[in-house]
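A.B. asks: Dropping a structure here in structure tokens format, bear with me for questions.
Values in this text are rule-based calculations from the coordinates and carry no lab data. This is a predicted model, so every value here is computed, not measured. Note that each Cβ is placed from the backbone with ideal geometry, even for glycine, and that neighbours are counted across all protein chains shown.
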Ligand SMILES: Nc1ncnc2c1ncn2[C@@H]1O[C@H](COP(=O)(O)OP(=O)(O)OP(=O)(O)O)[C@@H](O)[C@H]1O
Ligand SMILES: [Mg+2]
């Protein structure tokens, strides 16, 4: 199953959720791949997988589609192991920005889908982390994925972008990827003591949005996990925050 974490809004938890859900899948013995499509490389840094310049990253995978090579490398050759057993990563790269306009003008929007399809026998789960923008790379991801997960940070602006986002996903489904489905909206940075997050979520549910019925609390443990470069399932498997992520994973993979 190929899942993309996407929301044009920044800082809602795309990278945190992509890494943690991928790590939970790996902890269950699923052969899992994380693809970092963001020039910020946050999920790559989180998994301690930043590469020295010139090593295989997602930028190199895309670049070989617009440069001539006698020997074109297979997608699997861009996958690196991580400290988590069963979890591999195609690391992010700042060079994605330089390549974007040429990839776009040369219509390479299906290349990620082809690369991931080539690895269909290698991985049980693939998670794609995207930048907070509907750019060439997040479009590529939405075309490559079967499911889209939309994290929100439970503040009032979160709701405003959702309608437009759903429209865009419907358009991509119609034009490029009939199998793409919005699998769920993940309420992240939820504050149990405050009324507003609860109210916002209740309204979304009333409006028919597929909100996943397990909310991810705002917790300093998430930042600690980033700092330790260890996903929560490894750092604090019994923590309430980890348990809510496990509940989401189980909800998505019954
Ligand atoms: N549940 C949470 N509790 C506390 N802090 C959180 C939580 N989820 C995310 N954060 C923090 O919020 C910040 C943004 O999270 P993250 O990087 O995962 O969001 P993002 O959507 O990937 O951001 P961007 O749009 O910039 O890629 C990070 O500093 C992260 O540690
Ligand atoms: Mg991010």
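A.B. asks: What is the angle, in °, between the Cα long axis of helix 96-105 and the longest principal axis of the Cα atoms in the chain? Nearest 10 is fine, range 0 to 90.
C.D. replies: 70 degrees
A.B. asks: Considering only DSSP beta bridges whose two residues both sit in the chain, what percent are antiparallel, to the nearest 5?
C.D. replies: Values: 2 of 26 bridges.
Restricted to the chain, the bridges split so that about 10 percent are antiparallel.
A.B. asks: Based on the mean of other beta carbon atoms within 10 Å per residue, what is the order of 47-57, 14-24, most packed first? It would help to have the intermediate numbers written out before the result.
C.D. replies: Values: 47-57: 15.4, 14-24: 27.9.
Going from most to least packed, we get 14-24, 47-57.
A.B. asks: Let me ask another. Between helix 195-206 and the chain, what is the angle of the helix's C-alpha long axis to the longest principal axis, kept within 0 to 90° and rounded to the nearest 10?
C.D. replies: With rounding to tens, the tilt is 70 degrees.
A.B. asks: Quick one: angle between helix 14-27 and the longest Cα principal axis of the chain, in degrees between 0 and 90, rounded to 10, please.
C.D. replies: Approximately 80 degrees, to the nearest ten.
A.B. asks: Computed over the Cα atoms of the chain, what is the ratio Rg over Rh, Rh following Kirkwood? Mind dumping the intermediate values first?
C.D. replies: On the way: Rg = 17.5 Å, Rh = 18.3 Å.
The Rg/Rh ratio comes out at 0.95.
A.B. asks: Where is the GNM fluctuation largest for the chain (alpha-carbon springs, 10 angstrom cutoff): 214, 71, 86?
C.D. replies: Fluctuation is largest for 71.
A.B. asks: Dividing the alpha-carbon Rg of the range 103-196 by 2.2 N^0.38 Å yields what? Kindly include the intermediate steps, with their values, before the conclusion.
C.D. replies: On the way: Rg = 15.2 Å, N = 94, 2.2 N^0.38 = 12.4 Å.
It is 1.23.
A.B. asks: To continue, here is another question. Which of 130, 65 comes first, and how do the rest follow, when ranked by fewest Cβ neighbours within 10 Å? It would help to have the intermediate numbers written out before the result.
C.D. replies: Numbers: 130 28, 65 18.
Lowest to highest Cβ neighbour count: 65, 130.
A.B. asks: Let me ask you something else. Hey, what's the Cα Rg ratio for the range 161-228 versus the globular rule of thumb, 2.2 N^0.38 Å? Each step should come with its number before you reach the end.
C.D. replies: Details: Rg = 15.2 Å, N = 68, 2.2 N^0.38 = 10.9 Å.
My calculation over the Cα atoms of the range 161-228 gives 1.39.
A.B. asks: Moving to a separate point now. Among 133, 26, 141, which one shows the highest mean-square fluctuation when the chain is modelled as a Gaussian network with alpha-carbon springs under 10 Å?
C.D. replies: 133
A.B. asks: Turning to a different aspect of this structure: Sorted from fewest to most neighbouring beta carbons within 10 Å, what does the list 209, 163 look like?
C.D. replies: Working: 209 18, 163 11.
Sorted ascending by nearby Cβ count, the order is 163, 209.
A.B. asks: Using the count of nearby Cβ atoms within 10 Å as a rough guide to exposure, how do 78, 68 rank from fewest to most? Mind dumping the intermediate values first?
C.D. replies: Working: 78 24, 68 6.
Listing 78, 68 from fewest to most nearby Cβ atoms yields 68, 78.
A.B. asks: Let me ask you something else. Any chance you could tell me what percent of the C-alpha pair distances in the range 122-254 go past 26 Å? List each step's numbers first, then the result.
C.D. replies: Details: 2460 of 8778 pairs.
Considering the range 122-254, 28 percent of its Cα-Cα pairs are separated by more than 26 Å.
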